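Peer 1: Here it is, the structure, as structure tokens.
The values are calculated or read from the model by the stated rules, or taken from the named source; none is laboratory data. The structure displayed is predicted, hence computed values, not measured ones. Here the Cβ is made from the backbone with ideal geometry for all residues, glycine too, and neighbour counts use every protein chain on show. We work out accessible area using only protein heavy atoms, side chains counted, and drop any ligands, DNA or RNA first. Shrake-Rupley method; radii C 1.70, N 1.55, O 1.52, S 1.80 Å.
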Amino acid sequence: MAGGRSSGTTSRGGTRSTEGGHRTDVLLADHAAKVDVDLSRLLSTFAGLATRIRRELPVRRDPAATRNVYGERQLELDIWMNDLFVEAMRDTKLVSHVASEEMGEVKDVGRGRFSIVLDPLDGSSNVRSNNIFGTIFGVFDGTRLPARGADLFAAGYMIYGPATTLVYAARGAVHEFVQGGGGRTEEFFLMHEGLRLPAKGKLYGVGGHRDQWIPEVKGFVAELERDLMNLRYGGSFVGDFNQILHYGGFFAYPAQVDKPAGKYRLQFESNPIAFIAEAAGGAGTTGTERILDVAPAGIDQTVPTYVGNRDLVDRFRKRL
């Protein structure tokens, strides 16, 4: 076994435990119910779509004939997943409004307590090559959209990788679940509770074109390379941030000479991931202010996005 590390042990009764002693007999619904019963129902709804999504992946990989509101070419999977999540949120009766990266407006779906922001298919360019992609979501409680990230009640993401995982943050803590185990393959079981970014970051990744990065980003990347940090960039925010969450480091889709406002959408991508980063002991900045404090100027607003270990984010900010 690579590195001599075991991925887990199996007890006499068949319940598995992960490295670090976390047991996989704790279900997502039960875990989240200790935070909030309605949040538990909402997260269970997200998780319940994972099997359907994985079944559709082989047959919805082609480009659609449409573009989203930002002019980006959509895949059939983009459209199908957006509709799937919006209707699922409507059916919960817990949600009043949904805003998605695939829609140009906030959609009224009921009279529930929650408002949802989501990127249904983050990393869609990875679908064709079968690389990592996922779903990002943010949950507001009684807040109208668009909203400040500081007002988020919870946030999370699902990754459709070799394993299907779900990470959620609420009340200042981050928890990771994996689909399968315990003999019930569609259930999500606790894998890591109270995830914290490692004290010393190992990885970095920066999106965009190097020749278009602002000078401060070029200089900071050179500094990270001198520190012998390893470059990891996979083309999906969820996949790239998930590596930072587990190994520590710094990830950015920065301000560029040709895109000073960056690429990531504040509502659908930057706010939820920054919320998770902070709950794990890290930080998120636009370079000039905390991401979660940015006043929303519109549902389609973009911001430069830098997230990761707090010491690295602070080092970067000192360059600006």
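Peer 1: Among the residues of the stretch 119-129, is any out of contact with any Lys or Arg (no Cβ under 8 Å at 6 or more places or on another chain) and basic (Lys, Arg)? Before the answer, list the steps.
Peer 2: Here is the first cut: in the stretch 119-129, the ones out of contact with any Lys or Arg (no Cβ under 8 Å at 6 or more places or on another chain) are 120-126, 129.
Filter again for basic (Lys, Arg), leaving none.
No, the conditions are met nowhere in the stretch 119-129.
Peer 1: State which residue pairs qualify: first residue over 15 Å from Leu231 (Cα atoms) and inside the stretch 198-220, second residue hydroxyl-bearing (Ser, Thr, Tyr) and at pLDDT 95 or above in any location, beta carbons under 9 Å apart, and separation of 6 or more residues or different chains.
Peer 2: From residues that are over 15 Å from Leu231 (Cα atoms), the pairs are Pro198/Tyr247.
Peer 1: Tell me the strands (runs of 3 or more DSSP E) entirely within the stretch 216-310 that contain at least 2 residues that are in contact with a strand residue (DSSP E or B) (Cβ under 8 Å, 6 or more places away or on another chain) and more than 26 Å from Met103 (Cα to Cα).
Peer 2: Counting at least 2 such residues, we get 249-253.
Peer 1: Output the residues belonging to the stretch 101-116 that are over 19 Å from Thr45 (Cα atoms) and out of contact with any Leu (no Cβ under 7 Å at 6 or more places or on another chain). Even if it seems obvious, please write down each step before you answer.
Peer 2: Of all residues in the stretch 101-116, those over 19 Å from Thr45 (Cα atoms) come to 101-106.
Of everything in the stretch 101-116, those that are over 19 Å from Thr45 (Cα atoms) and out of contact with any Leu (no Cβ under 7 Å at 6 or more places or on another chain) turn out to be Glu101, Glu102, Met103, Gly104, Glu105.
Peer 1: Kindly indicate the residue of the stretch 179-204 that is assigned to a strand (DSSP E or B) and not polar (S, T, N, Q) and also surrounded by the most Cβ atoms within 10 Å (Cβ to Cβ) among those meeting that condition. Step through it out loud before you land on a result.
Peer 2: The initial filter retains those residues of the stretch 179-204 that are assigned to a strand (DSSP E or B), namely 179, 188-192, 203-204.
From what is left, the residues that are not polar (S, T, N, Q) are 188-192, 203-204.
On the way: Phe188: 29, Phe189: 22, Leu190: 20, Met191: 25, His192: 19, Leu203: 20, Tyr204: 25.
The extreme case among them is Phe188.
Peer 1: Just to be sure I understand, how many residues within the stretch 287-315 are of a type in the set (Val, Ile, Thr) and more than 25 Å from Ala199 (Cβ to Cβ)? Can you show your working first?
Peer 2: The initial filter retains those residues of the stretch 287-315 that are of a type in the set (Val, Ile, Thr), namely 288, 291, 294, 299, 302-303, 305, 307, 313.
Restricting the remaining residues to those that are more than 25 Å from Ala199 (Cβ to Cβ) gives 288, 294, 299, 302-303.
Residues in the stretch 287-315 being of a type in the set (Val, Ile, Thr) and more than 25 Å from Ala199 (Cβ to Cβ): 5 in total.
Peer 1: Hey, any hits in the stretch 265-282 for a residue that's in contact (Cβ under 8 Å) with a residue 12 or more places away in the chain, among the basic types (Lys, Arg) and surrounded by fewer than 20 Cβ atoms within 10 Å (Cβ to Cβ)? Give the derivation first.
Peer 2: Initial filter on the stretch 265-282 (in contact (Cβ under 8 Å) with a residue 12 or more places away in the chain): 265-282.
With among the basic types (Lys, Arg) added as a condition, the list becomes 265.
Now restrict to residues that are surrounded by fewer than 20 Cβ atoms within 10 Å (Cβ to Cβ): none.
Taking every residue of the stretch 265-282 in turn, none turns out to be in contact (Cβ under 8 Å) with a residue 12 or more places away in the chain, among the basic types (Lys, Arg) and surrounded by fewer than 20 Cβ atoms within 10 Å (Cβ to Cβ).
Peer 1: Of Lys259, Lys318, which residue is open to solvent by 50 Å² or more (accessible area, probe 1.4 Å) and without any contact (Cβ under 8 Å) to a residue 40 or more places away in the chain?
Peer 2: Details: Lys259 fails: without any contact (Cβ under 8 Å) to a residue 40 or more places away in the chain.
Only one candidate passes the filter, namely Lys318.
Peer 1: Just a yes or no: is a residue in the stretch 224-245 closer than 20 Å to Gly134 by Cβ and of a type in the set (Lys, Arg)?
Peer 2: Quick first cut of the stretch 224-245, residues closer than 20 Å to Gly134 by Cβ only: 232-245.
With the extra rule that they be of a type in the set (Lys, Arg), the set shrinks to 232.
Yes - at least one qualifying residue is present in the stretch 224-245.
Peer 1: Of everything in the stretch 221-252, what is open to solvent by 50 Å² or more (accessible area, probe 1.4 Å), under 20 Å from Leu320 (Cβ atoms) and either of a type in the set (Asp, Glu) or touching a residue at least 24 places away in the same chain (Cβ under 8 Å) (or both)? Give them in sequence order.
Peer 2: Within the stretch 221-252, the subset open to solvent by 50 Å² or more (accessible area, probe 1.4 Å) is 225-228, 230-233, 243, 246-247.
Cutting the leftovers down to under 20 Å from Leu320 (Cβ atoms) gives us 225-227.
The answer is Glu225, Asp227.
Peer 1: Hey, another quick one. Restricting to the stretch 92-133, and then to whatever is out of contact with any helix residue (DSSP H, G or I) (no Cβ under 8 Å at 6 or more places or on another chain) and free of Cβ contacts under 8 Å to residues at least 24 places away in the same chain, can you tell me which residue is nearest to Arg144 (Cα to Cα)?
Peer 2: Ser96
Peer 1: Of the numbered conditions (1) among the hydrophobic types (A, V, I, L, M, F, W, C); (2) open to solvent by 80 Å² or more (accessible area, probe 1.4 Å); (3) at pLDDT 95 or above, Leu39 fails exactly one; give the number of that condition.
Peer 2: In the conditions (1) among the hydrophobic types (A, V, I, L, M, F, W, C); (2) open to solvent by 80 Å² or more (accessible area, probe 1.4 Å); (3) at pLDDT 95 or above, Leu39 misses (2) alone.
Peer 1: Same structure again: Within the stretch 103-134, can you find the residues that are of a type in the set (Asp, Glu) and either under 17 Å from Ser270 (Cβ atoms) or modelled with pLDDT under 90 (or both)? It would help to see each step written out before you state the result.
Peer 2: Looking only at the stretch 103-134, we keep the residues that are of a type in the set (Asp, Glu), and these are 105, 108, 119, 122.
If the condition is that a residue be of a type in the set (Asp, Glu) and either under 17 Å from Ser270 (Cβ atoms) or modelled with pLDDT under 90 (or both), then Asp119, Asp122 are the ones that fit.
Peer 1: Something else now. Of all residues in the stretch 283-303 being touching a residue at least 24 places away in the same chain (Cβ under 8 Å) and of a type in the set (Asp, Glu), which is most open to solvent (accessible area, probe 1.4 Å)?
Peer 2: Asp300
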